[in-house]
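The values are calculated or read from the model by the stated rules, or taken from the named source; none is laboratory data. Owing to the predicted nature of the structure, the values given are computational and were not obtained by experimental measurement. All Cβ positions, glycine included, derive from the backbone under ideal geometry; neighbour counts span all protein chains shown.
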Amino acid sequence: MRCAKCDLMAAIRMRQHRLSFCREHFLEWFIHHTAETIRKYRMFSPAARVLVAVSGGKDSLSLWDALIQLGYQTEGVYINLGIAGNIDYSNASQSYAQRFADQNGVNLRVVDLASDYHHTIPELSASTRRGNQRPCSLCGLAKRHILNRAALEGGFDVLVTAHNLDDEVAVLFGNTLAWQVDLLARQSPVLPAAPGFARKAKPFCRFYERETAAYALVRGIEFIEDECPYSEGSKQLEYKAILNKIEEQHPGTKINFYAGFQNARARFLAPTAAETAPEAQPLCPNCGQMTTRQGLCAFCQVFTDNPL
Ligand code: Q46
Ligand code: ZN
Ligand code: ZN
């Protein structure tokens with residue numbers, strides 16, 4: 001099979017787009033497609049100061065790389081969650097993120113849960129009621145809070161995360177099975193800023209996971225290949241496996257599912273609470289961020305209410 005743009009043999013075939021490219025033209029397509037997604041969903045302007053949430057994995061480092069290629073002014077933020085497993089997962093991932101920053105002359109902000117908040121995810125998961133053997137629930141809470149805070153305090157125009165299409169359709173599938181209408185309403189490629197909330201965008205939401213992996217490989221980006229030890233057996237992975245099976249038989253299913261949902265969301269699902277009446281929500285007396293309840297927000301309850 002030949003490249004769609006030149007006479008070279010194709011290095012990557014994308015049945016879902018009916019496209020094949022050599023390495024060079026794949027990179028060109030990938031960067032162009034990233035820019036197109038940013039433009040299509042009006043994510044941020046060329047002059048924006050962008051904070052990239054990095055995990056040390058292929059998606060987030062590829063996103064940072066692509067945004068640098070596109071000329072954006074970027075910084076990264078890494079959260080060390082204190083997860084070890086057999087592979088010293090958090091410290092190892094941090095090294096990959098730091099190496100990327102050093103090689104590219106860009107700044108990486110590091111938030112360390114143990115030293116900045118006096119608790120790690122495994123420790124809180126074992127010792128709190130909310131955590132009760134559910135590290136991912138605590139981890140999600142911590143990441144949302146800390147990333148939002150980093151973006152607001154750093155004065156960034158937008159916080160970007162590297163969720164790819166496979167991540168997005170797995171979440172969409174789960175939320176649809178449970179008819180989580182509030183979560184569906186918020187599952188957008190871009191969420192506007194609101195008082196206490198940074199603007200958020202997902203420029204990789206239309207890339208299949210194998211496309212971001214191919215980009216990292218062709219660009220020679222070094223990233224952590226091990227998964228977080230807590231990801232094993234997660235529902236998210238089960239949904240991905242099911243969706244992969246369908247995609248194998250019917251290429252394009254994932255992108256159609258996602259794009260179709262975005263059209264339906266815009267037409268039928270109400271705007272989020274943060275978009276409509278942010279001033280109606282109470283503020284957390286400890287961190288000043290908006291919360292859905294009176295008193296401490298969920299993050300502060302877990303991270304400041306638990307004595308050392
Ligand atoms: S890092 Fe955190 Fe994931 Fe690990 S503890 Fe779960 S949520 S699996 S993306
Ligand atoms: Zn080519
Ligand atoms: Zn708080």
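Laid out as a table, the results:
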| read-out | value |
| --- | --- |
| Helices (runs of 4 or more DSSP H) (entirely within the stretch 133-242) containing at least 1 residues that are at pLDDT 95 or above and of a type in the set (Val, Ile, Thr) | 135-153, 165-177, 209-219 |
| Scope the stretch 60-81; condition within 16 Å of residue 27 (Cβ to Cβ) and not small (Gly, Ala, Ser); matching residues | 61, 63, 64, 65, 67, 68, 69, 70 |
| Strands (runs of 3 or more DSSP E) lying entirely in the stretch 1-95 (those with 2 or more residues that are within 16 Å of ligand 2 (Cβ to nearest atom) and β-branched (Val, Ile, Thr)) | none |
| Among (1) β-branched (Val, Ile, Thr); (2) crowded, with 17+ Cβ neighbours inside 10 Å; (3) over 30 Å from residue 301 (Cβ atoms) - the single one residue 87 does not satisfy | (2) |
| Subset of the stretch 96-106 [without any contact (Cβ under 8 Å) to a residue 60 or more places away in the chain and over 19 Å from the mean Cα position of the chain (by Cα)] | 102, 103, 104, 105, 106 |
| Residue within the stretch 192-205 that is surrounded by fewer than 18 Cβ atoms within 10 Å (Cβ to Cβ), under 30 Å from residue 22 (Cβ atoms) and in contact (Cβ under 8 Å) with a residue 12 or more places away in the chain present | no |
| Residue in the stretch 107-123 that is within 30 Å of residue 38 (Cβ to Cβ) and surrounded by 20 or more Cβ atoms within 10 Å (Cβ to Cβ) present | no |
| When residues of the stretch 176-191 are limited to those that are under 17 Å from residue 254 (Cβ atoms) and more than 17 Å from the chain's Cα centre (by Cα), the one surrounded by the fewest Cβ atoms within 10 Å (Cβ to Cβ) | 177 |
| Every pair of residues 6+ apart whose Cβ atoms lie under 6 Å, when the first sits in the stretch 274-288 and is assigned to a loop (DSSP other than H, G, I, E, B) while the second is modelled with pLDDT of 85 or more and more than 16 Å from ligand 2 (Cβ to nearest atom) | 284/296; 284/297; 284/300; 286/296; 286/300; 287/300 |
| Any hit, the stretch 262-278, residues being in contact with a strand residue (DSSP E or B) (Cβ under 9 Å, 6 or more places away or on another chain), more than 16 Å from ligand 2 (Cβ to nearest atom), modelled with pLDDT under 90 and among the charged types (D, E, K, R) | yes |
| Any hit, the stretch 97-107, residues being under 14 Å from residue 226 (Cβ atoms), touching a Leu at 6+ places or on another chain (Cβ under 6 Å), of a type outside the set (A, V, I, L, M) and away from ligand 2 (no atom under 16 Å from the Cβ) | no |
